[in-house]
1. Which three numbers, in whole Å and largest first, are the semi-axes of the equivalent ellipsoid of the chain derived from its Cα gyration tensor as √(5λ)?
2. Whole-Hz Karplus ³J(HN,Hα) for segment 57-63, in order, using 6.51 cos²θ - 1.76 cosθ + 1.60 and θ = phi - 60°, x for Gly and Pro?
3. Which whole-Hz couplings ³J(HN,Hα) result when phi for each residue of segment 10-20 is put into the Karplus expression 6.51 cos²θ - 1.76 cosθ + 1.60, θ = phi - 60°, listed in order with x for Gly and Pro?
4. Could you list which residues have their amide H under 5 Å from that of Glu62, counting only those 5 or more apart in sequence or on another chain, with H placed in the peptide plane?
5. What percent do you get for the relative contact order of the chain when only Cα pairs under 8 Å and 6+ apart count?
6. Would you calculate, for the chain, the mean residue ellipticity at 222 nm contributed by helices, counting each DSSP H stretch of 4 or more residues as -39,500 (n - 2.57) and dividing by all residues, to the nearest 500?
Amino acid sequence: MLVRSDLKRQGLGMLLMRKLIRYCRERGTCRLWGSVMTDNAPMLHLSKALGFRVQGTDRNVEEIVLELQSEPSANA
Ligand SMILES: CC(C)(COP(=O)(O)OP(=O)(O)OC[C@H]1O[C@@H](n2cnc3c(N)ncnc32)[C@H](O)[C@@H]1OP(=O)(O)O)[C@@H](O)C(=O)NCCC(=O)NCCS
């Protein structure tokens with residue numbers, strides 16, 4: 001996901017992620033998984049706010065995981 005620089009911090013990233021999560025959940029997808037660079041504060045902030053579990057790795061990467069078929073979190 002990439003939001004154009006002059007449109008950042010207006011809620012678009014959150015909106016797009018919520019739409020993606022809703023779409024995948026409705027299709028029966030079990031889990032969303034991704035890799036985020038450790039220094040990518042905006043994406044890590046967004047992921048945590050949406051209820052993703054964030055796990056460090058031995059590289060400069062965090063793994064983010066959201067189970068979709070359990071109870072939806074209030075934020076996602
Ligand atoms: C990550 C990205 C998609 C976020 O998009 P965005 O539209 O700016 O995000 P939003 O405006 O929806 O913000 C969502 C939350 O992140 C926070 N946030 C956004 N940018 C931030 C920053 N630079 N530092 C800290 N928090 C930030 C917002 O404050 C908001 O939290 P809040 O609701 O608690 O206030 C955007 O920064 C981007 O395109 N980054 C480059 C591409 C990228 O890194 N993609 C992900 C690869 S894994």
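Values quoted throughout were computed directly from the atomic coordinates according to the rules given, and no laboratory measurement underlies them. Nothing here was measured: the structure is a model prediction, and the numbers come from that model.
1. 20, 18, 10
2. Going residue by residue, I get 10, 7, 9, 8, 9, 9, 9 Hz, with x marking Gly and Pro.
3. So the J values, rounded to whole Hz, are 10, x, 5, x, 4, 4, 5, 5, 5, 5, 4.
4. The list, which skips near neighbours in sequence, is Val36, Met37, Thr38.
5. Answer for the chain is 32 percent.
6. Value at 222 nm, helices only, nearest 500: -10500 deg cm²/dmol.
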